[in-house]
Amino acid sequence: MACGPKRSECVRSLLLLRPLKKGTPKMIDSAYFEDKKAAYYTLGCKLNFAETSAIGRELADHGIRRARAGEQADVCVVNTCSVTELADKKCRQLIRRIRRQHPKAFVIVTGCYAQLKPDEVLAIDHVDLVLGAEQKGDVMRHLRERTAGLAVTTDTKRIRAFTPSCSADDRTRHFLKVQDGCDYHCTYCTIPKARGRSRSGSVGEIVAEAERIASVGGREIVLTGVNIGDFGRGRGEDFFDLIRALDEVEGIERFRIGSIEPNLLSEKIIEYCARSRRIAPHFHIPLQSGSDEVLRLMKRRYDTELFRSRVSLIQELLPQAFIGIDVIVGTRGERAEYFEDCYRFLESIPFSQLHVFSYSEREGTAALSIDHVVSPQDKHRRSQRLMQLSEERLKAFYRSNLGRELTVIWEHGNYNGLMMGHSENYIRVAQPYDEEAIGTTTHLTPQHLDASGTFVL
């Protein structure tokens, strides 16, 4: 339905429906979704990939198969990111490409960009339907009901739904969504507005999904979410309860903890990981800045002292653990001396790799009120320095594992006659392709690295 004369009432309701941008609303033939082909496009994080996979499975259950290479799709689903202005731009570019490749397709756009700017997305040529964060699971329903020419969203404060989802991409490693949304309000971030409040499934629901993944041949699960350390809030459960329960799931070789806030990565969790059966020695921890002044401007919920204590404990209990750290450069307020504080802090702590992001101003964020804007040139220079430091640390981490026994799960994919696998501490290993080895586990001791930094057998 579209909002007509009583549009104000529609806006006040849970669902905000915006009318077709031009002409009479399109109608989809009642048999549109029967025996049709769909193409799926995902931008952004692993959480988005898990959600897109869930959409694809539902459409497949109703006879809509995935389009093969070179085929014209009848439906195109685009799951978007909006963490930076570049992410928005990539979405618009992707839709233009879809228009060329699938000119007759019905195009559905969902995800963070769709939630934050539904009217802007609907105005893009070739977009037929826009679904917000809470409507991602309703793609099939809207196709069945022949919804077209609308932007359907839920006011962010009213988003409550949570549905576990999982992506595999034909690999033995699966990405399992255990949590969504965020109650933090970091000054630079739009995610709370795009995904709503923190919410999650129950321990029982997530365990059941892990057991299902094991039953279809999955060997490794990466736990994903917006703020997974916040799992269980309001349910009387927490993330520690979850990993303890998952540790007992038979058939899964290992679980990896996705990105987790340092203040929620408790000593209890680290200590449990050190003695667990299936929790991998692999941590992805967002620092964002090694300057306490910048952390305060960001409204982060920890300081460098707490962060140092967490990575020091990991190194003490799990000396070969992989530690990945997120850092943002060039945020508002990051004066030159604050960046130097950040660099010196990173030099002083153990880590395996940095994930470096250049700050992007986002409409509606509190960061826009902070004085001192960093020039694009300074952002670039700072980013390059951190990436060089990251490269040095990653090489050193790989070298430290030479001659050490690793446990590798071989994954799908043929890369110029090689197949890839990862160790428990996220070291990439290659060997000649062997289809029968997919999903199997190998214990090996690498002795040398190739030019790309991969262990090759």
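Values quoted throughout were computed directly from the atomic coordinates according to the rules given, and no laboratory measurement underlies them. Nothing here was measured: the structure is a model prediction, and the numbers come from that model. Heads up, the Cβs are rebuilt from the backbone with ideal geometry, glycines too, and the neighbour counts pull from every protein chain shown.
I'm checking a number: the convex hull volume of the Cα atoms of region 26-183, normalised per residue, in Å³. What is it?
Numbers: hull volume 18.3 nm³, N = 158.
Convex hull of Cα atoms, per residue: 116 Å³.
Students often forget the sequence filter, so: which aspartates and glutamates lie under 18 Å Cα-Cα from Lys117 once same-chain residues fewer than 8 apart are removed?
Glu85, Asp88, Asp125, Asp128, Glu134, Asp155, Glu361, Glu363
Take the Cα coordinates of region 406-456, assign each an equal point scatterer, and use the Debye formula without solvent to give log10 I(q)/I(0) at q = 0.26 Å⁻¹.
Scattering profile of region 406-456, log10 relative to I(0): -1.03.
Mind checking which aspartates and glutamates have their Cα closer than 12 Å to the Cα of Lys177? Skip sequence neighbours fewer than 8 apart in that chain.
Glu51, Glu205, Glu209
Can you tell me the mean projection area, over all orientations, of the convex hull of the chain's alpha carbons? Units nm², please.
On the way: hull surface 91.5 nm².
Mean shadow area of the hull around the Cα atoms is 22.9 nm².
Output the 0 to 90 degree angle, nearest 10, between the alpha-carbon long axis of helix 336-348 and the longest principal axis computed from the alpha carbons of the chain.
Long axis of 336-348 versus the principal axis of the chain: about 60 degrees.
Where nothing but the Cβ of Lys and Arg (+1) and of Asp and Glu (-1) is charged, how large is the charge dipole of the chain around its Cα centre, in debye to the nearest 20?
Computed about the Cα centre, the dipole is about 1540 debye.
Give me the percent of DSSP beta bridges within the chain that run antiparallel, rounded to the nearest 5.
Details: 22 of 64 bridges.
Counting only bridges with both partners in the chain, antiparallel ones make up about 35 percent.
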